[in-house]
Amino acid sequence: MDSAASTNRSPLRPAAAATATATARRSSSSALPNRVAASRLGVAPGCGGGHFGKAQRFGSVRTTTARAQAGNAGRIATEEKESAMAGTEMPLKYSSGKASPLGVSQVESGINFAIFSQHASSVTLCIKLAERGTKDEESEKLVEFALDCQKNKTGDIWHVLVEGLPTSGVLYGYRVNGPQGWEQGHRFDSNIILLDPYAKLVSGRNYFGVDKGKPSQPFGTYDFDSSPFDWGADYQLPNLPETDLVIYEMNVRAFTADESSGLDPAVRGSYLGFIDKIPHLLELGVNAVELLPVFEFDELEFKRYPNPRDHMVNTWGYSTINFFAPMTRYASAGGGPLAASRELKQMVKALHKAGIEVILDVVYNHTNEADDAHPYVTSFRGIDNKVYYMLDPNNNSQLLNFSGCGNTLNCNHPVVMELVLDSLRHWVKEYHIDGFRFDLASVLCRGPDGSPLDAPPLIREIAKDSVLSRCKIIAEPWDCGGLYLVGRFPNWDRWAEWNGKYRDDLRRFIKGDPGMKGVLATRISGSADLYQVNQRKPHHGVNFIIAHDGFTLCDLVSYNLKHNDANGEGGRDGCNDNFSWNCGVEGETNDSNVLALRSRQMKNFHVALMISQGTPMMLMGDEYGHTRYGNNNSYGHDTCINNFQWEQLAERRYGHFRFFSEMIKFRQNHPILKRDRFLSKNDVTWHEDCWDNLESKFLAFTIHDHNSGGDIYLAFNAHDYFVDAVIPPAPHHKSWNRVVDTNLESPNDITPEGVPLTGSGYRIASYSSILLKAKP
């Protein structure tokens, strides 16, 4: 699992390259049925003359011209064009506008639109307006204005000011044309209305997974009418020390989408539904949630054309359409983009009130626009493909694919880098986000030609940015092109990393692989071999055994092989090297001995995770033993395979869940388990004299508390037989108390107050672990 391609697959990363590229929509020539092409509006294919695009008949068109003050991006030129929509009393006046800021902004005299395209020869603003007194989508009218490259362009920024527009509820996009040479890297198609990369809100479908039988056209929209969100007079950011974090990786929709959540159907799977279940997070004891993508994505992208995966729905969201807008269909009751924005802020506010930080899983390595075989053109590709994506000059300027999803964002291009930074700042300032986990972050370490960079500009800027300075920043330090950077990710002493070596090594030891004892000691001590460099700390390693992709914890101890037939790829997708062990039976069973062993193994993993130096992360559902029935790549199932099962939680609340919760709280209450420095020889005693014995699968050690003498003794037995351990003397005026023995039945498997230990030995069962605490 050390190879990048096999370690982590996002939902659009099928097994074979041919399948990986088959994620896109039909030909890019499709567009809205009421469009009128620029060539039919009197606009030349090159620089336009500023004519109105008559996608719908205007009641009147009037043009008055005065001399524009060209070259001044900050001033609005006086050239105007005016129109009135048939059936409305809304005159629209157009003038040159200004180049900054990108996206949509409100100025004193109207609404300013600005978009970057270096290689475009023409840009047309498309505005969608509803006729007075109607809310029917079919009655909305499309107004088009072709920008004049002499008066509506500054450098590579195209811009226009529109007077007379409503200050909210308007939908907009762009048609962009330019050179047609694919071999030069261009992919312009003026038939398509493109989404503004800087749109802060996106309007498309309102209900998750609901297919109306026609393609959904994403438009940008804006809201300058609503009052600023009220965060509250007593509102405070949690600002938790990194040493204190216990991260819970989860999916907003899957958390409450199941009927067993007990929520009203209108709020299931929504930001508001999430709020109702915050008490569960508090009871569990986690203090940070790492949310699978909440940027706008198209969950129905697999259904664009017939293919082996067209039965699935993208529930994970690793296929970004826009980097600024929250996922619209996570709003309750189909509320739309404004409701999504407001309700996400409500969710963040509620989590912060509970002392829980919010970390977003962000996907800046690729977009939804797929590959050149089946392009899904919605934005970047049609605006300036040559700038936004990495291209292969030796292969007809085809898209490079280091993401496994058909394309790779050109993140270290100055324009794209600024887009990413602006996006991150937006989420911090507008939504009060506390941190980010960067999907396939090694992509962000590549130059425009895909070659690795020693000091990637984007990685450095994120580390040094003042707005992001309070944020946790976490890298997934590999990509699908083989750039595996665990322990070597460029970091400026700021970046943390998903520790993939921790995951693999812990899995191998707990299941009983030989020769893993020394490596286990290194990993639970904070992986100093990886992170003890410059000013890095143990918390810069994010320890995990389970993440969203791969087996759940229950499946890790229940399956030797992946079972991914439901994904439609003949079982070729998903990782083959899982380091799993089914404990004697593949999959579901009623064998009580097998079930007892699986329960012990899950608890062993959790104990190891919670006592390790570094930042622990667990997966949603592992606290009750969620199963995906052996599917280790379940990105496309909007079912119980991914959805949190609240009834199962209730059934296991006083057993499995209680153990997991108490173990998290034990970590939080014992600072010696979460030091801000690497362990020294005085901090730990290894009760070991046979490190070189590859057949030894037993490790015991004592972590010392120099302040109060509250030492902690731990032992892990991965043998298939009992081990009689000699327990060292407790510190002066202290005695040992048993807190954990994973071989015991609940509630004796964990007793937070401790059970006094008698004698100097302890018989540790096969595949089990114990934890003792020194107390007065």
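The values are calculated or read from the model by the stated rules, or taken from the named source; none is laboratory data. All values derive from a computational prediction rather than experimental measurement. Backbone-built Cβ (ideal geometry, glycine too); neighbour counts: all protein chains shown. In case anyone asks, the SASA skips ligands and DNA or RNA and just uses the protein heavy atoms, side chains included. Shrake-Rupley method; radii C 1.70, N 1.55, O 1.52, S 1.80 Å.
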TODO: Would you pull out the residues with amide H under 5 Å of PHE297's amide H, same chain only if 5 or more places away, H placed 1.01 Å from N?
DONE: ILE321, THR328
- [ ] Return the tail of the calculated pair distribution for the range 506-648, meaning the percent of Cα-Cα pairs more than 27 Å apart.
- [x] 25 percent
Open item on the list: Using protein chains only and a probe of 1.4 angstrom, how many square angstrom of MET250 are accessible, to the nearest 10?
Closed with: 0 Å²
TODO: Return one number: the angle in degrees, 0 to 90 and rounded to the nearest 10, between the long axis of the Cα atoms of helix 658-668 and the longest principal axis of the Cα atoms of the chain.
DONE: 90 degrees
Open item on the list: As a quick test, which of the pairs LYS353/LYS429; LYS98/LYS128; LYS98/LYS345; LYS562/LYS603; LYS141/LYS386; LYS128/LYS429 have an alpha carbon distance above 26 angstrom in this structure?
Closed with: LYS98/LYS345; LYS141/LYS386; LYS128/LYS429
TODO: Assuming a ≥ b ≥ c are the square roots of the Cα gyration tensor eigenvalues, decide whether the range 245-670 counts as rounded (a/c under 1.5), prolate (otherwise, with a/b larger than b/c) or oblate.
DONE: rounded
TODO: Work out the length of the dipole vector of the chain about its Cα centre, built from +1 on the beta-carbon of each Lys and Arg and -1 on the beta-carbon of each Asp and Glu, and round it to the nearest 20 debye.
DONE: 1180 debye
Open item on the list: Sort 560-572, 344-356 by packing, meaning the average of other beta carbons within 10 Å per residue, with the highest value first.
Closed with: 344-356, 560-572
Task: Relative packing of 305-311, 522-528, 231-237, which averages over residues the other C-beta atoms within 10 Å, highest first - done: 522-528, 305-311, 231-237
Task: Dipole of the chain, positive direction: furthest Cα of CYS554, THR124, TRP495, with charges on the beta-carbon - done: THR124
- [ ] Answer rounded, prolate or oblate for the range 107-209, using the Cα gyration tensor with square roots of eigenvalues a ≥ b ≥ c: rounded when a/c is under 1.5, else prolate when a/b is larger than b/c, else oblate.
- [x] oblate
- [ ] Answer with one residue from GLY178, GLY761, LEU400: the one whose Cα lies farthest towards the positive end of the charge dipole of the chain, charges on Cβ with Lys, Arg +1 and Asp, Glu -1.
- [x] GLY178
Open item on the list: Given the options PHE701, CYS640, ALA718, identify the residue whose Cα lies farthest towards the positive end of the charge dipole of the chain (+1 on Cβ of Lys, Arg; -1 on Cβ of Asp, Glu).
Closed with: CYS640
Task: Whole-angstrom gap from the range 573-613 to the range 746-776, using each part's C-alpha centre - done: 21 Å
Task: Unit charges on C-beta of K, R, D, E only; dipole of the range 679-773, Debye - done: 260 debye
TODO: Please sort 713-726, 580-593, 376-389 by packing, taking for each peptide the average over its residues of neighbouring beta carbons within 10 angstrom, highest first.
DONE: 376-389, 713-726, 580-593
TODO: Using only Cα atoms, find the angle between the long axis of helix 414-431 and the longest principal axis of the chain, and express it within 0 to 90 degrees, rounded to the nearest 10.
DONE: 70 degrees
- [ ] Considering Cα pairs under 8 angstrom that are at least six residues apart, work out the relative contact order of the chain and quote it in whole percent.
- [x] 12 percent
Open item on the list: Rounded to the nearest 5, what % of DSSP beta bridges with both residues in the chain are antiparallel?
Closed with: 75 percent
Task: Shape category assigned to the range 679-773 from the gyration tensor of Cα positions, a/c cut at 1.5 - done: oblate
Task: Cα Rg, Dmax, the chain, angstrom units - done: 28.3, 98
Open item on the list: Could you tell me the extents of the range 548-617's C-alpha atoms along the three principal axes, largest first, rounded to whole Å?
Closed with: 40, 32, 15
Open item on the list: What whole-number distance in Å separates the alpha-carbon centres of the range 344-379 and the range 622-655?
Closed with: 23 Å
